[in-house]
1. May I ask which residue of A:Ser322, A:Gly28, B:Thr90 lies farthest towards the positive end of the charge dipole of the protein assembly as shown, with charges of +1 (Lys, Arg) and -1 (Asp, Glu) on Cβ and the Cα centre as origin?
2. Can you give the charge dipole size of the stretch A:118-241 about its Cα centre, rounded to the nearest 20 debye, using +1 on the beta carbon of Lys and Arg and -1 on the beta carbon of Asp and Glu?
3. For B:Arg131 and B:Glu23, what is the calculated FRET efficiency with R₀ set at 51 Å and r taken between the beta-carbons, to the nearest 0.05?
4. Anything over 23 Å Cα to Cα? Flag those among A:Lys29/A:Lys241; A:Lys52/A:Lys251; A:Lys222/B:Lys71; A:Lys184/A:Lys326; A:Lys22/B:Lys70, in the order listed.
5. Can you give me the angle between helix A:349-358 and the longest principal axis of chain A, using Cα atoms only, in degrees from 0 to 90, rounded to the nearest 10?
6. Which value, in debye to the nearest 20, gives the size of the charge dipole of the protein assembly as shown about its Cα centre, when Lys and Arg are +1 and Asp and Glu are -1 at the Cβ?
7. Listing A:Tyr59, A:Tyr307 from the residue with the fewest other Cβ atoms within 10 Å to the one with the most, what is the order?
8. If amide hydrogens are placed 1.01 Å from N in the peptide plane, which non-local residues have theirs closer than 5 Å to the one on A:Tyr328?
Amino acid sequence: MTEWSVPQTSEVARQLQEETIKNIQRIGKGMDLVFRPREPQVGQTPKEAIHKRNKSVLYRYGLPAGRRHTIPVLMVPNLGISRPYIFDLYPGSSFIEHMVQQGFDFYLLDWGVFGDEDNGLTVDECVTKILPVMVRKVLKTSNTDQVTLLGYCMGGPLSACHAALYPEPVKNLVNMAGPIDYKKAGLFTTWLDRRHFDVDKLVDTFGSMPADMVRIGFKLLKPTMDLTTFSNLWWNLWDDKYVEGFQALNKWANDYVPFPGEFFRQWVKDFYQANKLIEDELVLGGRRVLLSAIGCPILVVGAKQDYICPPECARALMDAVSSSDKEYFELPGGHISLIAGRGAARHVWPKVSAWIAQRSR
Amino acid sequence: MTDETKTQDLLLLWQRSMEQGIEAWRKLVGQPDTTDAFQFLRPMFGQGMDVWTQILQQRGTTPDVFAQWKKFMDDSVEAWSKVLGGAMETEGFASAMGKFLEQYLNTVGPMRKSLHSASEEFLRTMNLPSRKQVTDLASNIVSLDARLEALEDRIEELVENLSSLTALVKQAGSPRTNPARSTKQGRASQRIPQKEV
């Protein structure tokens, strides 16, 4: 615990003056936030929709002149839970902008927001039907025969499954905070255990996994998060840059999306409850998914304080693949700190882009 | 009475009210008296109080009231977060949450079912499509879309194969080697000897 020193009278007066000014600014900006809220502009990096399948859209980012690497990068984010604009939050704080600036031919698969009509969609269909089509479209558009798959969160295991089933076009595989060994998935492992969590009853009742229940699940992971967020906001309310970042991140953090029912059922049963992926028991499209079939270079990135995918849960991919070129690094921060925020821009993105660049020739 | 003991009294009062509240909820949701689904919460109160008291004892003074407040807030939140985290990773919490969800679904399920059948009945009477019919229609469109896409891919593939075949034929039927290149027969007759060679 910090010991406070007793300051001089002049120092007290200076601090008091400084604090008073900051408080006046805080009140003014707080009023602005409440009474004149501005919709934050997210996802501003130039992009082009390459392909659309049902709700899922494949975007290509950047301009042809800036593309220096021949191997394109396809980013596969999570399906459901949240929207992918976290990867392109706002100029200066965008992973996609960073990748484009590094000369990558960058693609993002936006799974979309699924409705009741999509409740029959399964993990199987995503990995064996949608992902292969998207990869094919990337290869065709970039006029190449290989691609780097970059999976974030749930996109990590989905990309790994795809790379295991269709290894030919995958030049490199990057898993950023993607759960692989679900016995080590922290609180979700305990909460989603089949003894306590009846996924069948939930899906049969609602047809899908409603966005509000997704929100409750994630808020429960860190119940004090909102308190910390708003205490930090009050503290930094005088700082325009902080407020701009807060608005964008807060918009994303409260923008939950539902899971298609059958997808959620299969996801919970096969991955969290039976841990089939790491046990080599997962069957997709009639074929067994063997992670050992992955022989391409792989990079696994874990976050030390990740409650959604603890580092050891993501790291399990390292031992499961047969690749000789594999690297793992772990950084301080939580699940989101890998993809958004100043720490990510300083420590994570340059490492990821440098690793891919070395293997994109 | 010092500030510290006042705080402890308040915490004890809060603990008692929480326990009574939980007990009331437990009875309301119809849990049998024999099981204590909220047992996991009890050590949490003790730990939380210890941490809180520790924070109060360790904090010094500063003229910057707001910095002091912020530090106190951060320390308290962090301490409570650890305590809550510890409680939530127990089997007891998972079991209590599972039971709560089950009871919620037991209540919501029949309600949704009766609401759906009533609204479907109403829509049928009004000669309007039901939600299920609209959803089914949307599903059909989605599957048609997928089939159309598969067809497009197939046609694209065929066109690619055809153009590569044409290129091959053009290459094989260059004017120097075979004057009969303009006819299919000519092209075919030209290829066979070339392969043999």
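Values in this text are rule-based calculations from the coordinates and carry no lab data. Source: prediction; values computed, not measured. Counting neighbours? That spans all protein chains shown, and the Cβs are built from the backbone with ideal geometry, glycine included.
1. Of A:Ser322, A:Gly28, B:Thr90, it is A:Ser322.
2. 240 debye
3. 0.80
4. Exceeds cut-off: A:Lys52/A:Lys251.
5. It is inclined by approximately 30 degrees.
6. With only Lys, Arg, Asp and Glu charged at Cβ, the dipole is about 2180 debye.
7. Values: A:Tyr59 20, A:Tyr307 17.
Taking fewest neighbouring Cβ atoms as first place, the list is A:Tyr307, A:Tyr59.
8. It is A:Val300, by chain and number.
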